[in-house]
Structures are given as structure tokens and as C-alpha cells.
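The values are calculated or read from the model by the stated rules, or taken from the named source; none is laboratory data. Quick caveat: nothing in here was measured; it's all calculated off a predicted structure. Here the Cβ positions follow ideal geometry from the backbone for every residue, glycine too, while neighbour counts run over all protein chains shown. Accessible surface areas use protein heavy atoms only, side chains included; no ligands, DNA or RNA. Shrake-Rupley method; radii C 1.70, N 1.55, O 1.52, S 1.80 Å.
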Amino acid sequence: MKKRKLPFQLAFLAFLIIGTVLIVRHQRSMPYQHNKGFVFGTVYSITYQSDRDLQKEIEAELMKVDQSLSTFNKTSVISKVNRNERVELDDMFIEVFELAESVSEETDGAFDMTVAPLVNAWGFGFKSGNMPTQQEVDSLRQFVGYQKVSLGRRKEVKKQDLRTMLDGSAIAKGYGSDVVAHFLESRDIKNYMVEIGGEVVAHGMSESRVPWKIGVSKPTDDTLSVNQELQTVLNVTDIAMATSGNYRNFYYKNGKKYAHTIDPKTGRPVQHNILSATVLAKKCAVADAYATAFMVLGLDGAKRILDKHPELMAYLIYTDDKGQYAVWYSPSLKGKYLK
């Protein structure tokens, strides 16, 4: 009986080996698709290994995010919420809103979807040279604050002040990257890199059969973006990454350089020393939100949050006491992600 089984077992084993070799060979010969386009007021670049070009399907997924969370889209859910119109909230809006509120609580309001009026006031001031007065700042602060909005029982946005508006720009790009990554995985695509406005989700291997490598730009005063000098390169595989920091837009005070980051609590530009915050997390929306929060919290505040959340990793560029560039990064980055 055993002798009869042996030829069958050997044949089955040979079949498995040949099948595996053919699958691996097909995997290696399968082309990588390269899609580029414009969404959420920025550019996207998506590379993935597939026999088919899925750009139309990918853009359909991105349009769902745009229709939910883009303030550039006047018919989006978030635009209607901002105009205080009756609107049925979709699952994407609810998911992002609840995540944003969670990060706001974890960071004591350093991340805040309602801060846009202050950001706009100061942004225009920096360009025109006419900074908003304290009276103007105080007036805007009356309706800025994540505690001033909530989800009601019927899944509607409740506002304490109808002038409060939501801006998803500090989380929507990361969320959009997550949505595309989920779509690619639903098509059984193992090797891909999704990048929307600098927010990245990567999985598997690149076209060169090595882990995906993403550069972190060095903050410079190059307002025309002519020189794209890199501070470092991270291996970003099977993880998401987001960077916050207006690299080429600073102001100086007492000889020190500060990024144009507005503290939602004070309504004024922060005077912390972080110029760039890169966060790695399982979800890009999470990394996106925390990167923004770290710009507000500063180096010490960011470290406190990271101590509470070991699932997060960060690479922070800041200015030291002498005004020189310095770097701090999570010890867990060393080795797998940072060589």
C-alpha cells in the first residue's frame, strides 16, 4: 500500500514545485503600472505590480474621498457641513471625523480640524506683511476648537457655533492613500506604493525587487523648490508614512527659524523648534494627523505622545540652541526602516 502511495506523493510534490516556480516566474515577469494625476489640490503617484492598468478604478476611489472630504469640491459632504446644510454623512466622512476627534483628544488639541480660519488669516498675513491683530485672532478663536463639534445620535455634525468650519486637508491625503491601498489589496496586488501629496503607503517590493525607499527632504529656504536636498531616505515597506512641515516657508524671530504652524489653542504661530515631522504608522491617515500635531507640540511634546503610542514612529528635523539643523528619531526606526 505504501509503495503505491509513493509515486503519487512524488508526482504531487513535483506538481507543487513546478507550480510554485511558474507562479514566482509569473510574479517576477508581471509589469509594474505607473499612474500619476491630480487630486485634493495636489499630485498623486501610484506604482503597483499588475497585468492591468487600474487608473480609472483608482481615480473612482479617489473621487469618493473627494466627494466626501474635499473643501475644494463645493458639492462634497464636508462643504455642505460647513455651509450648515442638511446632508447625509457618508462612512468616509464619519470615519475621518471620528479619527480626527480621537487624535485631537490624544494631543490635547494640537491637531484640530476647525483651525482653518486661523491658518488662513496668518497665511495671508505672512504673504502681505500685515499680520492679524490680537483682536482679529481672538475673534476667530471664538469658533475654533475641536470640542465645539461632535457627531449627533443621528450621525449629523453638531456645532456649538454655526460659524465653525471643518478642514480635512491635514488628514484627507493620508486617508486617500489608505483608500487606494485597500483597493489594490482587494485586487490581490501585493507590491505597491501609493503617494498623494507626500503621504505614502507602501507594501511588498519595488520594481527593483528591494523595499520601497522614500526620501525625507531637508528644510531649506529654497522658495522656488529648485534644490530638493534629502535629509535621509527611509525604507517604507508594509507601513504608511506622512510628513508635515512647510519646508520652504519660514519666519525668523531673534535669529531663529520657525515653520508657519498655527497653534489652535493660542491662535498664533508656534515657536517650537520642529521644522519637519515625519511619522510612520499602520494607517496613513493616522500618520498624517500626528505629523501635523507634532509640528504644534514641538520636540518635547512629540516625544511625550510617542512614549504613549509605541505603535507610532517619528523622524523629526529641528533647530538646536545654536540655530543648526538637528535630527531626532524613534529608536525603533533604526535597522528595518532607517539604515
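Taking the criterion of being more than 18 Å from Val270 (Cβ to Cβ) and not acidic (Asp, Glu), the residues of segment 307-324 that qualify are Lys308, His309, Pro310, Leu312, Met313, Tyr315, Lys322, Gln324.
Here segment 82-141 is the region considered, the condition is being β-branched (Val, Ile, Thr) and touching a helix residue (DSSP H, G or I) at 6+ places or on another chain (Cβ under 8 Å), and the residue that is farthest from Ala302 (Cα to Cα) is Val87.
Checked against the criterion of being surrounded by fewer than 14 Cβ atoms within 10 Å (Cβ to Cβ) and over 27 Å from Val81 (Cα atoms), segment 117-128 contains one or more residues that satisfy it.
Of all residue pairs spaced 6 or more apart or on separate chains, those with beta-carbon atoms under 7 Å, a first member in segment 277-294 that is open to solvent by 10 Å² or more (accessible area, probe 1.4 Å) and a second member that is among the hydroxyl-bearing types (Ser, Thr, Tyr) are Thr292/Ser244.
Whether a residue is among the small types (Gly, Ala, Ser) and within 20 Å of the chain's Cα centre (by Cα) was assessed, and Ala291 passes this test.
When Ala170 is tested against the conditions (1) touching a Lys or Arg at 6+ places or on another chain (Cβ under 9 Å); (2) open to solvent by 20 Å² or more (accessible area, probe 1.4 Å); (3) not polar (S, T, N, Q), the lone failure is (1). Annotation note: of Glu101, Glu136, Glu88, the sole residue that is assigned to a helix (DSSP H, G or I), open to solvent by 40 Å² or more (accessible area, probe 1.4 Å) and either at pLDDT 95 or above or out of contact with any strand residue (DSSP E or B) (no Cβ under 7 Å at 6 or more places or on another chain) (or both) is Glu136.
Selection of segment 45-64 for residues being outside any loop (DSSP other than H, G, I, E, B) and over 21 Å from Ser79 (Cβ atoms) yields Ser45, Ile46, Thr47, Tyr48, Gln49, Gln55, Lys56, Glu57, Ile58. Taking the criterion of being surrounded by 13 or more Cβ atoms within 10 Å (Cβ to Cβ) and farther than 23 Å from Lys213 by Cα, the residues of segment 55-69 that qualify are Glu57, Glu59, Glu61, Leu62, Met63, Lys64, Val65, Asp66, Gln67, Ser68, Leu69.
The residue that is farthest from Asp112 (Cα to Cα), counting only those in segment 236-261 that are buried (at least 16 other Cβ atoms within 10 Å of the Cβ) and at pLDDT 90 or above, is Thr237. Only residues that are assigned to a loop (DSSP other than H, G, I, E, B), in contact (Cβ under 8 Å) with a residue 24 or more places away in the chain and under 19 Å from the mean Cα position of the chain (by Cα) were counted in segment 299-322, giving 3.
Being assigned to a loop (DSSP other than H, G, I, E, B), in contact (Cβ under 8 Å) with a residue 24 or more places away in the chain and at positive phi is a description that does not apply to Lys190. When segment 20-53 is limited to residues that are open to solvent by 30 Å² or more (accessible area, probe 1.4 Å) and among the small types (Gly, Ala, Ser), the one that is modelled with the lowest pLDDT turns out to be Ser29.
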